[in-house]
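Heads up, the thing below is written out as structure tokens.
The values are calculated or read from the model by the stated rules, or taken from the named source; none is laboratory data. In this text the structure is predicted, and so the values were computed from the model without any measurement. Positions of Cβ are generated from backbone atoms using ideal geometry, with glycine treated the same way; all protein chains shown enter the neighbour counts. Note: areas computed on protein heavy atoms with side chains; ligands, DNA, RNA excluded. Shrake-Rupley method; radii C 1.70, N 1.55, O 1.52, S 1.80 Å.
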Amino acid sequence: MSASRAAQTSDRPIPNALSIAGVDPSGGAGVLADIKAMSALGAYGCAVIAALTAQNTQGVTAISPVPPEFVGQQIDTLFADVRIDAVKIGMLGQQPVTLVVAEKLAKWRPAHVVLDPVMVAKSGDHLLERNAVGALREALLPQATLLTPNLPEAGVLLDERPVETVKEMRRVAERLRNTMAYSGQRWVLLKGGHLPGNDTIDLLHDGDRMIELPGQRIETRNTHGTGCTLSAALAALLPQIDDVPEVARRAKAYLAEALRHADRLQVGSGHGPTHHFHAWW
């Protein structure tokens, strides 16, 4: 049974999942990718726009910030009316926006907060200002219930070089978990896609259990927005499945299939998108 079909066997109401992120006009990353992944996995997707980009599959040519007070108003207006079951946070861009998002999440206290610390695009373009890293680390990270950095992002969050082995990943996962709050369930999903070789081992750690999630590298150049897609999948599944390791396995399986079918799409001439709706068309 596919991850999308399996998630829909419960009698629970259809969850409402929110993406707070930037806009990628090519649709491979950011809120457009998030909404596709959430929809494919049985959640109703909502979005708050935190940044604008001029972007395609080859790179980012410009970034235009959204006024922080307007980002805050989007969040307040949405939460005042819509039951939000999970939030995924992606590209925020600037320190003032990061602080406003942290303030509003502390006010509304959603049950699930997936923090994808988006810092650099596949093209190498920087998507988070350097002075915003401290705000993300100090104001947002403690509110996250699931943190999803790749190895370079983990290095920035911990102010150290990116690691290169699974053994080093274990230490980093422990250190990242110690930066999060201690109340309730808090998890780190440290993504090992930057490791050398064909294995793509991720580590899932809650301060007690250290769970390896094995995988194999899929040969495709269409990897744009993989981090966005995975974190959005997690946000869609968390309200539907009570077991976080099972959520992570299903989200990773969904992304693997989206990558496996990505070459069926013809979007741009650079790093193209994954196929979010591979199970349908």
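Output the pairs from 36/252; 36/191; 167/252; 88/191; 88/252 with a Cα-Cα distance over 18 Å in this structure; if there are none, say none.
36/191; 167/252
Over the stretch 163-266, what portion of Cα pair distances is larger than 21 Å, expressed as a whole percent?
More than 21 Å apart: 37 percent of the Cα pairs in the stretch 163-266.
Would you work out which of 194, 216, 176 lies farthest towards the positive end of the dipole of the chain, given +1 charges on the beta-carbon of Lys and Arg and -1 on that of Asp and Glu, about the Cα centre?
Final value for the positive-end residue is 216.
Could you order the peptides 157-165, 145-153 from most to least packed, using the average number of other C-beta atoms within 10 Å per residue?
145-153, 157-165
What length, rounded to one decimal in nm, is gained on full extension from residue 76 through to residue 264, with 0.36 nm per residue of separation minus their alpha-carbon distance?
Full extension of this stretch gives 63.7 nm more.
Compare the Cα positions of 61, 15, 135 along the charge dipole of the chain (+1 at Cβ of Lys, Arg; -1 at Cβ of Asp, Glu; about the Cα centre) and return the one farthest towards the positive end.
Highest projection toward the positive end goes to 15.
Where the centre of each part is set by its Cα atoms, how far does the stretch 93-122 sit from the stretch 148-181, in angstrom?
If you average the Cα positions of each part, the centres end up 19 Å apart.
Can you pull the one-decimal nm distance between simple spin-label points at residue 11 and residue 209, each 7 Å off the Cα toward Cβ?
Here the modelled spin labels are 2.6 nm apart.
Just to confirm a number: summing +1 for Lys and Arg and -1 for Asp and Glu over residues other than residue 263 whose beta-carbon lies under 12 angstrom from that of residue 263, what do you get?
Taking every other residue near residue 263 into account, the sum is +2.
With all protein chains present, how much of the accessible area of the chain (probe radius 1.4 Å) comes from carbon and sulfur, to the nearest whole percent?
Heavy-atom surface of the chain belonging to carbon and sulfur, 1.4 Å probe: 52 percent.
Per residue, what accessible area does the chain have, given a 1.4 Å probe and all protein chains present, in Å²?
Using a 1.4 Å probe on heavy atoms only, each residue of the chain averages 44 Å².
Return the tail of the calculated pair distribution for the chain, meaning the percent of Cα-Cα pairs more than 22 Å apart.
Here the tail beyond 22 Å accounts for 53 percent of pairs.
Where the only charges are on Cβ atoms (+1 Lys, Arg; -1 Asp, Glu), what is the dipole of the chain about its Cα centre, to the nearest 20 debye?
In debye, rounded to 20, the chain gives about 280.
Which of the listed residues, 240, 230, 275, is farthest toward the dipole's positive end in the stretch 177-281, when Lys, Arg count +1 and Asp, Glu count -1 at the beta-carbon?
275
Counting Lys +1, Arg +1, Asp -1, Glu -1, what net charge surrounds residue 34 among other residues with beta carbon under 15 Å of its beta carbon?
So the environment of residue 34 carries a net charge of -1.
Ranked from highest to lowest mean number of other Cβ atoms within 10 Å per residue, what is the order of the peptides 108-118, 168-178, 91-101?
91-101, 108-118, 168-178
Over the stretch 1-107, what number does the Rg to Rh ratio reach, with both radii from the alpha-carbon atoms and Rh per Kirkwood?
1.01
In the chain, what % of DSSP beta bridges are antiparallel (nearest 5)?
Expressed as a percentage, antiparallel bridges in the chain total about 40.
I'd like the FRET efficiency for residue 175 and residue 242, computed as 1/(1 + (r/R0)^6) with the beta carbon distance as r and R0 of 22 Å, rounded to 0.05.
Taking R0 as 22 Å, the efficiency between residue 175 and residue 242 is 0.20.
Would you mind getting me the FRET efficiency between residue 64 and residue 167? Use the beta-carbon distance for r and R0 = 45 Å, nearest 0.05.
0.60
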